[in-house]
Amino acid sequence: MSVYGRARTFSILLWVVFLLSPAWLVWLLEAGPGFVFLGFAAWLSLGVVTLIRFRCTNCGNPAFRYRALKWIDKDGLLLWGPFPKKECGVCGSDLAAQ
Ligand SMILES: [Zn+2]
């Protein structure tokens, strides 16, 4: 599977976990403060996975980091997004083909 395909699957799973957060947050709060800390650490580690795991093989830019807000700057600002893009934000190579 391509970098884009893996990143897209991961972001869908991440959004499902996020949308179910009212349920598991209540469960963590009832379980105790240690479990809240563990849940927070697990959520942060999922964010770190997006930094490390889904990178352009050409330049190393993460698939979730791309150029946006082109009305501010003509090249766009290099920002983080909630979904990956098919085109690398730095070198422009096709992440769906990698
Ligand atoms: Zn690239």
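The values are calculated or read from the model by the stated rules, or taken from the named source; none is laboratory data. All values reported here derive from a predicted model rather than from experimental measurement. Positions of Cβ are backbone-derived with ideal geometry, glycine not excepted, and every protein chain shown enters the neighbour counts. For the accessible areas, the whole protein counts, side chains as well, though only heavy atoms, and no ligand, DNA or RNA atoms are used. Shrake-Rupley method; radii C 1.70, N 1.55, O 1.52, S 1.80 Å.
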Criterion first (of a type in the set (Ser, Thr, Tyr) and within 12 Å of the ligand (Cβ to nearest atom)) does Ser93 satisfy it? yes
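Listed here are the residues, each with its yes/no results for (1) under 19 Å from Gly5 (Cβ atoms); (2) touching a Phe, Trp or Tyr at 6+ places or on another chain (Cβ under 7 Å).
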site: Gly60; (1), (2): yes, no
site: Arg67; (1), (2): no, no
site: Asp75; (1), (2): no, no
site: Pro84; (1), (2): yes, yes
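Within segment 53-82, track down each residue that is of a type in the set (Asp, Glu) and either surrounded by 13 or more Cβ atoms within 10 Å (Cβ to Cβ) or within 14 Å of the chain's Cα centre (by Cα) (or both). Step through it out loud before you land on a result.
Our first condition is that a residue be of a type in the set (Asp, Glu); within segment 53-82, this holds for 73, 75.
Selection gives nothing.
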What number of residues within segment 42-71 satisfy the criterion of being aliphatic (A, V, I, L, M) and either near the ligand (Cβ under 10 Å from one of its atoms) or on the phi > 0 side of the Ramachandran plot (or both)? 2
Among the numbered conditions (1) buried (at least 16 other Cβ atoms within 10 Å of the Cβ); (2) in contact with a Ser or Thr (Cβ under 9 Å, 6 or more places away or on another chain), tell me where Asp94 comes up short. (1)
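For residues that are hydrophobic (A, V, I, L, M, F, W, C) and closer than 26 Å to Pro62 by Cβ, scanning just segment 25-47, find the one that is nearest to the chain's Cα centre (by Cα).
Step one: list which residues in segment 25-47 are hydrophobic (A, V, I, L, M, F, W, C), which gives 25-29, 31, 35-38, 40-44, 46.
Okay, now just the ones that are also closer than 26 Å to Pro62 by Cβ, so 38, 40-44, 46.
Details: Leu38: 20, Phe40: 16, Ala41: 16, Ala42: 14, Trp43: 11, Leu44: 11, Leu46: 8 Å.
So the residue we want is Leu46.
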Given (1) open to solvent by less than 80 Å² (accessible area, probe 1.4 Å); (2) without any contact (Cβ under 8 Å) to a residue 60 or more places away in the chain, number of the condition Leu19 does not satisfy: (1)
Please name all residue pairs, on different chains or six or more residues apart, with Cβ atoms under 6 Å, provided the first residue is in segment 80-98 and is farther than 20 Å from Val49 by Cβ and the second residue is open to solvent by 70 Å² or more (accessible area, probe 1.4 Å) and within 8 Å of the ligand (Cβ to nearest atom). Cys91/Asn58; Ser93/Asn58
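With of a type in the set (Lys, Arg) and more than 16 Å from the ligand (Cβ to nearest atom) as the only criterion, which of Lys74, Lys85 stands out?
On the way: Lys85 fails: more than 16 Å from the ligand (Cβ to nearest atom).
Unique residue meeting the criteria: Lys74.
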